[in-house]
Structures are given as structure tokens and as C-alpha cells.
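What follows is a set of notes on a single structure, which appears directly below.
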């Protein structure tokens with residue numbers, strides 16, 4: 001666009017054409033729920049502005065996709081993938097969408113997602129929603145795109161937009177990043193506002209970038225930050241947030257860093273994945289990092305039950321508050337009404353898995369109950385003050401490194417997801433930042449590594465991730481294989 005060879009409109013048109021060819025037809029990814037009818041008009045206006053007054057910055061005229069739990073005060077719906085909210089239009093933009101519009105982006109459309117951000121059933125299938133059906137992995141179409149931000153991950157991997165915004169409670173940015181060969185940043189809790197996002201958990205939810213490169217993710221993250229009076233958690237970011245994370249894009253960014261390897265629990269569940277990550281660790285050492293190995297994380301795995309208890313309480317409170325703000329004309333007004341709608345429309349909404357998680361949440365009381373406070377206190381203590389904090393301090397670490405997860409499993413609507421292991425929970429429960437990026441491939445399927453950092457140290461993680469990315473240049477575009485390529489084998 002700066003050279004004049006392309007315009008925002010021509011780029012948006014090219015993406016819309018690719019969405020039609022790849023998402024609606026051809027491989028039929030099912031990664032988008034709708035495109036923005038206003039996208040080309042917005043692009044035209046931004047082209048005129050660029051010509052008359054110059055560029056607003058690096059995102060001026062760039063087409064961006066949003067997960068369908070992020071409010072847009074326009075013609076697009078915000079439904080969390082659920083037919084219970086079909087036809088629901090948010091009264092205004094989410095705070096992060098306001099920030100993006102100020103940066104000059106073109107909101108290109110809303111991505112499919114695991115319905116209600118995968119908080120409906122304990123044997124759900126990631127990437128499936130009653131509104132959009134099953135999203136597919138662009139590397140191997142019968143494999144799962146992972147996490148509730150599955151549509152955002154699959155769409156950006158398949159080059160259906162420049163970048164996307166996903167959301168995470170526990171793994172729903174980093175897992176799609178890993179499974180779809182992307183960079184995903186799960187920010188520190190409070191760096192990015194959650195107001196105007198359909199919630200699960202006030203103590204864990206955050207939005208963040210999904211991109212094909214560390215540089216693109218860094219640009220998008222800078223546009224998302226900001227203190228929002230409607231989200232008290234962002235107040236802590238006032239002296240911590242950056243608006244330009246591209247200053248951390250240094251090819252020697254691993255030099256002098258200290259990285260811990262938490263082997264217990266986060267390695268050993270998939271031998272071939274471990275092999276990929278071991279080579280990644282060796283490469284980090286070659287790039288100047290000091291590796292502290294082993295560097296096991298205290299209390300890992302000990303707060304899983306408490307985390308779920310917290311999520312049940314906070315989901316009910318948060319969703320009821322969100323739905324109340326939609327006003328009397330909303331399709332549903334409470335979690336109880338969502339459950340009732342789902343049961344009434346179970347042939348369309350509950351054909352493959354139920355809503356037992358929602359029913360458990362509805363049975364919970366207010367956030368003043370002792371059971372909730374005790375569970376939240378346990379999570380914070382074991383993940384932060386008795387977990388990550390002393391480990392970082394003792395070994396003077398900049399980050400921990402672990403496999404984000406294993407290669408994508410076959411999508412199975414009969415039995416649900418097949419998780420073997422992951423490393424997202426410590427960062428998710430503590431509220432600390434993490435970044436996932438490509439580390440290699442197994443049988444043609446991407447494998448990601450995660451770097452978990454100290455609070456507000458997104459810049460450090462970006463610096464380390466960029467150095468690794470530039471040293472390895474591992475990512476390759478998906479080819480929409482119908483099934484896994486067994487001849488690709490495992491690393492030797």
C-alpha cells in the first residue's frame with residue numbers, strides 16, 4: 001500500500017475471494033461464520049484517508065478477523081457460535097475493537113469457534129458450533145484445529161486474513177496456534193480489555209493475536225492494549241503496556257537469556273513431540289540462551305480441580321452480566337435461558353455432545369460463596385506465589401519452554417477431543433503471558449513450542465520468539481491434505 005501497488009480495497013477483495021474459494025468451497029474449512037458487509041466501504045474510506053492525510057500506522061487498511069465472541073457494533077452478529085444468540089447484535093464495539101478501528105484496520109469478518117468458548121460440555125469437539133458446524137484444520141482436513149479460537153487459527157493459517165484476534169481462558173489461543181502452524185500470544189491478564197467479549201472467567205480470560213509471524217503478532221498486540229474503565233483488570237497495565245512491540249524484534253534476542261525446562265508433566269506424553277522440542281531447545285542454546293534443565297514447576301497439576309471450580313462460578317456470573325447488557329430484545333437473557341433454549345432445540349444444538357458444564361455452572365451460587373473464594377485463592381497461590389514466582393526467582397529465568405501440545409488429533413464428533421497433554425494451564429491460571437510458535441512438523445502436522453514468561457514481559461517473549469523464528473524459519477503454508485501424510489514420518 002505504501003508503494004501504491006495495492007490498496008486496502010484490493011487486499012480486502014483478494015481475501016474475500018480466497019474466503020469464498022477456500023472456506024466456502026474447495027477445502028471447505030468452515031473457519032468463518034460471516035464476512036463484514038461493510039468491509040469494502042471501510043477499505044475505500046481508509047484508502048482515501050491514506051491518500052489525503054497519510055497512514056495512521058502499520059495496521060492502516062489491514063484486514064483483520066475477529067473471534068465470534070467479540071462485540072462489534074455493526075451489522076455483524078456476536079453469538080459465541082451459538083444458535084441461542086443467533087441474530088444478536090452488540091450495542092457497541094468491544095473496547096479492543098474500538099482500539100483496532102482507531103488503528104485503521106478493516107474488520108473483515110467473524111470466525112467460527114468452539115461454541116461458548118468450549119465451556120458447554122466435558123466431551124465437546126473443538127471447532128464445532130451449532131451456528132457454524134465443524135471447523136477443519138488446513139494442514140490435514142480431517143484433523144482438529146484445536147481450542148475455542150479454532151476458526152481464528154484455521155483462517156489465518158489458510159491466509160484468509162492478515163491477522164486475527166482470538167481469546168483464551170486456558171489454551172484457546174496457544175493451542176490453535178500450535179495446531180495450525182501460527183504464532184499466538186496469550187497476554188498478561190489485564191494487558192488487553194475484556195469488556196464487550198462474551199466471557200468465561202474474569203480471573204483468566206484474555207484476548208490476543210494469532211498471526212503467521214512473530215512480527216505480525218507484535219504489531220497487532222500493540223494495537224490491542226489500553227486502559228479500559230469498564231475492565232478494572234486493565235488498570236494495572238497503565239505503566240506496563242506497550243503500543244509498539246515491534247521494538248523487540250531482534251534477531252539476537254535469545255543471547256544472554258535464561259530458559260527453564262519444566263519436564264515433569266509437560267514432557268513425556270508424546271515422544272515424537274518431545275523430539276521436536278528437544279531440537280528447539282538445542283537451537284535456543286546455539287543462539288545464546290542458557291538452558292536450565294530440568295526446571296520443574298512446583299504444584300503443576302495440583303490446582304486443576306480448583307481451576308474448574310473457579311470457571312464454573314465465574315462463567316455463570318460473567319455470562320449473566322454480559323447478557324443483561326444486551327437489553328430486553330436479546331434472544332436470551334441468562335445462562336438458565338441458554339440452557340432452556342439448548343434443550344428445546346437439542347436436535348440442532350446438542351446433536352453430538354451435551355451441556356453438562358453449563359448445567360454445573362448454573363447450579364453455582366454468587367461469587368461471595370466460600371467455595372469460590374477458596375478455589376480462587378488456591379489457584380492464585382499454587383500458580384503464582386508458590387509456583388511460577390519462586391521458580392523464576394530461584395533460577396533467574398526469562399521464560400520456561402515446553403511443548404504447546406501434541407500434533408492435531410482426528411476430529412471425532414462421536415467421542416470428542418483427544419488431548420494427550422499441554423502446557424497452557426500455568427500461564428492461564430496465573431494470568432502470566434505466553435507465546436506459542438512453530439517448532440516443527442510431525443507427519444505434516446505442525447507442532448508448537450510455548451514460552452511462558454513473567455507478568456508484563458510480553459516484550460521479552462516476543463524478542464526470544466522472534467530470534468528463534470528467524471534462526472529456524474520453520475513455518476510452511478498448509479496444503480489442505482485430506483488425511484495425514486504418513487510418509488512425512490517423524491524427525492530422526
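Key figures
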read-out: Near pairs, Cβ below 6 angstrom, 6+ apart or cross-chain, from the stretch 280-295 (at positive phi and free of Cβ contacts under 8 Å to residues at least 60 places away in the same chain) to any residue that is in a loop (DSSP other than H, G, I, E, B) and surrounded by fewer than 18 Cβ atoms within 10 Å (Cβ to Cβ); value: 288/255
read-out: Residue under evaluation residue 108, criteria (1) in contact with a helix residue (DSSP H, G or I) (Cβ under 6 Å, 6 or more places away or on another chain); (2) over 30 Å from residue 441 (Cβ atoms); (3) assigned to a strand (DSSP E or B), criterion not met; value: (2)
read-out: Residue in the stretch 244-251 that is over 27 Å from residue 292 (Cβ atoms) and crowded, with 22+ Cβ neighbours inside 10 Å present; value: no
read-out: Helices (runs of 4 or more DSSP H) (entirely within the stretch 340-380) containing at least 2 residues that are without any contact (Cβ under 8 Å) to a residue 40 or more places away in the chain and closer than 20 Å to residue 79 by Cβ; value: 346-349
read-out: Residues of the stretch 324-336 that turn out to be part of a helix (DSSP H, G or I) and out of contact with any helix residue (DSSP H, G or I) (no Cβ under 8 Å at 6 or more places or on another chain), as a count; value: 2
read-out: Of all residues in the stretch 271-310 being farther than 16 Å from residue 400 by Cβ and surrounded by 18 or more Cβ atoms within 10 Å (Cβ to Cβ), the one that is nearest to the chain's Cα centre (by Cα); value: 307
read-out: Residue within the stretch 101-122 that is surrounded by 19 or more Cβ atoms within 10 Å (Cβ to Cβ), over 22 Å from residue 172 (Cα atoms), in contact (Cβ under 8 Å) with a residue 60 or more places away in the chain and more than 22 Å from the chain's Cα centre (by Cα) present; value: no
read-out: Hey, residue 419 out of contact with any helix residue (DSSP H, G or I) (no Cβ under 7 Å at 6 or more places or on another chain), more than 15 Å from residue 314 (Cβ to Cβ) and assigned to a helix (DSSP H, G or I) or not; value: no
read-out: Flag for residue 84 being closer than 30 Å to residue 304 by Cβ, outside any loop (DSSP other than H, G, I, E, B) and in contact (Cβ under 8 Å) with a residue 24 or more places away in the chain; value: yes
read-out: Any helices (runs of 4 or more DSSP H) falling wholly within the stretch 114-229 and containing at least 2 residues that are out of contact with any helix residue (DSSP H, G or I) (no Cβ under 9 Å at 6 or more places or on another chain); value: none
read-out: Qualifying residue in the stretch 95-102 (condition: in a loop (DSSP other than H, G, I, E, B) and modelled with pLDDT of 95 or more); value: no
read-out: Residue in the stretch 138-158 that is more than 15 Å from the chain's Cα centre (by Cα), touching a residue at least 60 places away in the same chain (Cβ under 8 Å), crowded, with 24+ Cβ neighbours inside 10 Å and more than 21 Å from residue 482 (Cβ to Cβ) present; value: no
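Residue-by-condition table, conditions (1) within 18 Å of the chain's Cα centre (by Cα); (2) on the phi < 0 side of the Ramachandran plot; (3) not in a loop (DSSP other than H, G, I, E, B):
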site: 429; (1), (2), (3): yes, yes, yes
site: 437; (1), (2), (3): yes, yes, yes
site: 446; (1), (2), (3): yes, yes, yes
site: 456; (1), (2), (3): yes, no, no
site: 462; (1), (2), (3): yes, yes, yes
site: 470; (1), (2), (3): no, yes, yes
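The values are calculated or read from the model by the stated rules, or taken from the named source; none is laboratory data. All figures in this text were calculated on a predicted structure; none of them were measured in a lab. Every residue, glycine as well, gets a Cβ built from its backbone with ideal geometry; the counts of neighbours run over all protein chains shown.
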